[in-house]
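The values are calculated or read from the model by the stated rules, or taken from the named source; none is laboratory data. These numbers come from a predicted model, not from an experiment. A quick note on method: Cβ atoms are made from the backbone with ideal geometry, for glycine too, and the neighbour counts reach across all protein chains shown.
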């Protein structure tokens, strides 16, 4: 009706699969005009654009209906869509309308949507019992509406967790009354949202330090996206748990056991857990466990030694640890034996310290063995019963002896008498017997009476200073004693200075000289003695022997002698020493001369003969000698005629070099010719030197030869004997004579024949079978030499008619084993020169009989026959058989062959090394060798070993032969120590049975430990708790046993046993000390030692200080009744903001706060309490806060036992005062932590009255 507002909700949806652009959206009301005309830039597939338009019906209203038409046109895609709705306008009937809207058109799961339901009475009559409902929202209400009245209902709705992204939540509200109904809908698109929920709980509500608390973490994906890379962390209890993925609506519930640390303060132990994911979802949850108060103290007393000897000093150490969680007060240590009474006012939870008393007690001298010194210390506190700890030191047997030795006087001349004093003392705690004093220098060996502990014995011995004593006499005496079988000894030394009797010197007038030079030595003797003395002078080099002098006090004697420098190497140092002897006198004096370097060289050339004939070879010898006294580094020899040119050669002093060369007298050289040649030697240190040799040429020599035969004719097969005579009819020796005869196959080296000498050379020749009768065999012998012309002689033999038959028999192989196959070859030859008929060959062993028939001269027939040797033949025996040949013209002839019977064939396989050892990840080289120790060739050798990857075939292996296969095996990383890889190398051959050898590789221990240490917060603020993670991983292949220590964390864990690949992980909290300076680095190192490994790992935390607190007073001294004004400056010099800052300053009982004196930045804080804390609020980086207050002295300061660092010196009346600022800060690790900053300790001296 008129005046009523109608709400149109317009929805444009892209129901296709491509994005639409430039969409023209128009909403027209007829009548009424255009309500909406917009263009949408784009609309992705499946996305709905929602618009809401309000329209108020005018007064008077239009008659009939309102037609609302919505058009969407996407001209670029040629798409048009239209939708309309009719509204009936009738003033004469009841009317109702409902319009629904919300504060969201998109919302993620879990989001709260506020819906507005506007219900209007659009009719002209009142409406009663209007029912407004929305099933989706779970809403239903009944209301009354007057005509024209409008009411609004607000309804909240939470998008269900897990609802998929893109889901359209469309719900419809309905208003019904008096038969009329109106509906209105609203659509919300569910957006994608990663959400996670974390709930943390503990299985107990209360605990004490040391209890195990189980924490349960419930993690739920409450978003509508799957989550991955989820990490649950709880740094307070050292938890970091990865969870790979979590589907929508799914939950996981890990549990962690945690031990409440010793020393945890009473109160609520709260820790915070957080969870994150790769999609950015995060959540946190905290839980608290109430820690009950408990008092506990660990007290220990230790001695530096459990066994000691008299005179040893013992140190004692007292260790205290408040292992409870409440402060211990009036801690008092007493130790009557050591006279210790030590007071400790307070001991905070977890605080530990040690007191060391160095060399506090000395074992009295003479204390008997077995004596025990036990003393007990007692500690009392206000909270605990007395605690005692004892330490015992047992005195051990300590036999000991000392010797003091002295001489009087301490200086003397030779021949004087001095006195030595000896003091022997039993310095041990047991009696000494069998005491013996020995001094080899004094020639004494004395028995000393038995000595009880502490007793001494003194003796004096005179001694005459020997005449030969030099400079000083230092002699050592030794004393020994027996303490029930234990021998002890001591030494004492005394030094006597001997005044010199002589000054004995020797000089030379030249320090350097050449070989052959003359030098003069001067010897001088000065005598300082008091009595005349006779001495003798000797000098072997100068040939001085027994030169006598009688010297009075202050007397001087000299000798001057000359010496010729011998031919010694350059640089030689000639040391000349003279000796002075006499009654008790032995003196030496020396002087030196260095020989200069003088190089020299000589050469000599000789020939081995003075004359030679043409063709003779003359040998020349060239000798080069080093005639100087320095080595020649590069001597060369040249002789053009002999074509000699030697490379540079070093020659030592006195050494020589010999070079030989030959020269052959040319043939035709006239007799009487003189051949002269010259050799030259030179070096870089000398001038060249030469030497020549000459040879006279003689007349040329000649040879003669005669050859004869023992017959003039011979039949085929007959042997002719020849004699060849070679002679030297000339007057000179002939060398290098050689005799040759081609027919006889002769080549003989005769060598040398002197004048008139001759030599006979025999030779033979067999007329070849089949040579025709009448053939003339002529052969020629020739003699030659390098110095003569060749000479020859021939002889002829006529071949006669003759019959001859020969047979040969051979076998291959010549040796084999029983049962082996051999091949016999039998050959018959007509070795005559006439035809043979009815020729036959037989061999009974081979069952052979062959008719050969007719054989022409020289003709032969051969037959090869295989034969298997009997298996019964014994190894080492010889198998022999014979073949026979016959003919009509010749007698039978035979030939035999032998086979040596061998042992059966065999083969060996060896593996080296055996066994082989290696480390995991390393390589091992194994060699497999096959040997044929038999005497037959092995064939088709097949060697197989899968482990080494061997599978080869060798065609054959000769007797005695071998071959090796080398393979490298990689031992897999991580293979346990002691693992054995065993296999067989198998060999097969045609001749032998299967042979095998074991291949064995044993893995050796390789102890390796990977020790790592990390800290979750590489940067932290003072007072923050960080957590160190220590991990030891056995990356080797053998079990490791060792101890893990961490001095900073006061950890000693072990022995730890780790099997290969096992790991030990430890997470330990550590609180950064509040007093740590800004920028300091706390480095924490863990150590692991054992099983042959020693590793260490470190992690560091850099400390970033937030607040600096400084405290000053307006006076250093005060008195009773006086006031003291304190100023505390709190500065934030960091980049962190300190929030919820509270300053506490617990005053000592001896002072009282002046009311109304507390100011913060000069603003009075009338309600602030220093004990409960003055609130400073947030302190930004760079901000300073100044707190001031005044106290009044009520009494002389005494210890208050306060837990807030207040203490006083009860003897000096010094008031000690310290402020603490507690605050929260978001640390570099991202955690919100509560920490403290401490001020310096202010000291004010308080007296009874003003001074």
Item to check | Every residue from segment 767-812 that is within 14 Å of residue 858 (Cα to Cα) and surrounded by fewer than 18 Cβ atoms within 10 Å (Cβ to Cβ) | outcome: 768, 772, 773, 801, 806
Checklist entry - In segment 942-956, how many residues are in contact (Cβ under 8 Å) with a residue 40 or more places away in the chain, within 13 Å of residue 926 (Cβ to Cβ) and surrounded by fewer than 17 Cβ atoms within 10 Å (Cβ to Cβ)? => result 1
Checklist entry - Restricting to strands (runs of 3 or more DSSP E) lying wholly in segment 148-206: which have 3 or more residues that are under 17 Å from residue 249 (Cβ atoms)? => result 196-202
Item to check | Tally of residues being surrounded by 18 or more Cβ atoms within 10 Å (Cβ to Cβ) and over 22 Å from residue 193 (Cα atoms) across segment 104-132 | outcome: 10
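Can you name the residue in segment 82-103 that is modelled with pLDDT of 85 or more and surrounded by 14 or more Cβ atoms within 10 Å (Cβ to Cβ) and, of all such residues, is farthest from residue 145 (Cα to Cα)?
Filtering segment 82-103 down to residues modelled with pLDDT of 85 or more leaves 82-83, 96-103.
Next cut, surrounded by 14 or more Cβ atoms within 10 Å (Cβ to Cβ) only: 96-102.
Working: 96: 9, 97: 11, 98: 12, 99: 15, 100: 17, 101: 20, 102: 23 Å.
Looking at residues that are modelled with pLDDT of 85 or more and surrounded by 14 or more Cβ atoms within 10 Å (Cβ to Cβ), I get 102.
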Checklist outcome for this item: The residue from 530, 558 that alone is closer than 30 Å to residue 465 by Cα, modelled with pLDDT under 90 and either in a strand (DSSP E or B) or in contact with a helix residue (DSSP H, G or I) (Cβ under 8 Å, 6 or more places away or on another chain) (or both) is 558
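Let's see how each residue does on (1) surrounded by fewer than 16 Cβ atoms within 10 Å (Cβ to Cβ); (2) within 15 Å of residue 453 (Cα to Cα):
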{"position": "324", "(1), (2)": "no, no"}
{"position": "332", "(1), (2)": "yes, no"}
{"position": "341", "(1), (2)": "yes, no"}
{"position": "374", "(1), (2)": "yes, no"}
{"position": "386", "(1), (2)": "yes, no"}
{"position": "403", "(1), (2)": "no, yes"}
{"position": "411", "(1), (2)": "yes, no"}
{"position": "418", "(1), (2)": "no, no"}
{"position": "432", "(1), (2)": "no, yes"}
Checklist entry - Can you list the strands (runs of 3 or more DSSP E) found entirely within segment 571-643 that contain at least 3 residues being under 60 Å from the mean Cα position of the chain (by Cα)? => result 573-582, 585-595, 632-639
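When you look at residue 524, is it over 30 Å from residue 629 (Cβ atoms) and within 60 Å of the chain's Cα centre (by Cα), yes or no? So that I can check it myself, show each step before the final result.
Working: over 30 Å from residue 629 (Cβ atoms): yes; within 60 Å of the chain's Cα centre (by Cα): no.
Considered against the rule, which asks whether it is over 30 Å from residue 629 (Cβ atoms) and within 60 Å of the chain's Cα centre (by Cα), residue 524 comes out as no.
So, residue 867, is that one more than 16 Å from residue 893 (Cα to Cα) and touching a helix residue (DSSP H, G or I) at 6+ places or on another chain (Cβ under 9 Å) or not?
Spelling it out, residue 867 is indeed more than 16 Å from residue 893 (Cα to Cα) and touching a helix residue (DSSP H, G or I) at 6+ places or on another chain (Cβ under 9 Å).
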Checklist entry - Restricting the search to segment 890-935, which residues are in a loop (DSSP other than H, G, I, E, B) and closer than 30 Å to residue 828 by Cα? => result 890, 891, 892
Next on the checklist: Considering only residues that are over 15 Å from residue 472 (Cα atoms) and modelled with pLDDT under 90, which ones fall in segment 409-430?
Outcome noted: 426, 427, 428, 429, 430
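Restricting segment 194-216 to residues that are closer than 13 Å to residue 232 by Cβ and over 43 Å from the mean Cα position of the chain (by Cα), which is modelled with the highest pLDDT?
So the first thing to find is which residues in segment 194-216 are closer than 13 Å to residue 232 by Cβ, and the list is 196-200, 215-216.
Next, only the ones that are over 43 Å from the mean Cα position of the chain (by Cα) stay: 196-200, 216.
Working: 196: 90, 197: 88, 198: 90, 199: 90, 200: 89, 216: 94.
Step by step, filter segment 194-216, then rank; the result is 216.
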Next on the checklist: Residues that are within 30 Å of the chain's Cα centre (by Cα) and within 30 Å of residue 945 (Cβ to Cβ), at least 2 per element: which strands (runs of 3 or more DSSP E) completely within segment 971-1070 meet that?
Outcome noted: 980-988, 995-1003
Next on the checklist: Tell me whether segment 530-547 contains one or more residues that are in contact (Cβ under 8 Å) with a residue 60 or more places away in the chain and surrounded by 17 or more Cβ atoms within 10 Å (Cβ to Cβ).
Outcome noted: no
